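The values are calculated or read from the model by the stated rules, or taken from the named source; none is laboratory data. Treat the numbers as computed from the prediction; the structure is a model and nothing was measured. In this analysis, Cβ positions are derived from the backbone assuming ideal geometry, glycine residues included, and neighbour counts consider all displayed protein chains. Heavy atoms of the whole protein, side chains included, go into the accessibility calculation; ligands, DNA and RNA do not. Shrake-Rupley method; radii C 1.70, N 1.55, O 1.52, S 1.80 Å.
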Amino acid sequence: MNFQEKIADYVLGNRSLTQLPDIALTGIKENLESDSLDILASMNEKDNGFEIKQYFEQMIIELNLHYPTKLDSAKILIRYYLNLMISDTQNVFLYMTEIHNNVYFKFDWSNFVSKSSKRYFGDELDLQSLYTWYRELQDLKDHGRLLYYNDLPREEQKRKFENHLLEEARNWLERN
């Protein structure tokens, strides 16, 4: 993950205070410069959490950054995992599980949906098409009832579901 992706990961609660020095180290590797960044990068999990948080907040100010919103953080991480999925097609299910666990279930997205809206839970992340194929892969893994390609052998079903998931990943990246 790059600096921005790690900050998004932190915003969604996937990283603890003790992991903030790692974010600073990534910033240094990306040639960012700030006094607090340097200090934070030299800290570790044994340092005082209050001080770690203080240097992190100061680093954000010194670098003239703004925390991404939870929705923006989610989209940053989705983009990260989908790009991994496309470049590593052997682990399609794994990367979609990362999205499922580290993005989709990390926040109550229903707060973003207006009560009068006809949108569905999770619609704001635009993941519906990906979830169609992810659910099929989950059911395949759990030996559940499958809705598509029932006339094919299970290995062929898996290949089809993964190909559809990859296609939807590319579509999501084009739209967002």
1.4 Å probe accessible area per residue over the stretch 70-175, in Å² | 58
With the dipole of the stretch 1-120 worked out from charges on the C-beta (+1 for Lys and Arg, -1 for Asp and Glu) around the Cα centre, which of S16, I39, F56 lies farthest toward the positive end?
-> S16
Candidate lysines - alpha carbon under 18 Å from K106, same-chain residues fewer than 8 apart omitted = K6, K70, K75
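Using 1/(1 + (r/R0)^6) with R0 = 22 angstrom and r between the beta carbons of L84 and N171, what's the FRET efficiency to the nearest 0.05? Please report the intermediate quantities before stating the final value.
Numbers: r = 16 Å, r/R0 = 0.75.
The formula returns an efficiency of 0.85 here.
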For the stretch 1-90, which GluC sites (Glu not before Pro) are in a loop by DSSP, counting at most 15 other Cβ atoms within 10 Å?
-> E30, E33, E45
Dimensionless Rg/Rh of the chain - Kirkwood Rh, Rg from C-alpha atoms = 1.06
Check cross-link reach from K53 to the aspartates and glutamates: straight Cα distance under 20 Å, and skip same-chain residues fewer than eight apart.
-> E5, D9, D22, E33, D35, D38, E45, E62
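Quick one: with all protein chains in place, what share of the accessible area of the stretch 70-175 is carbon or sulfur, to the nearest percent (1.4 Å probe)?
Working: 2910 of 6150 Å².
Ligands and nucleic acids excluded, carbon and sulfur give 47 percent.
In deg cm²/dmol and to the nearest 500, what is the mean residue ellipticity at 222 nm of the chain if only DSSP H runs of at least 4 residues count, each as -39500 (n - 2.57), divided by the residue total? If you can, show how the numbers build up before the last one.
On the way: 8 runs with 102 residues, N = 176.
One gets -18500 deg cm²/dmol as the mean residue ellipticity at 222 nm.
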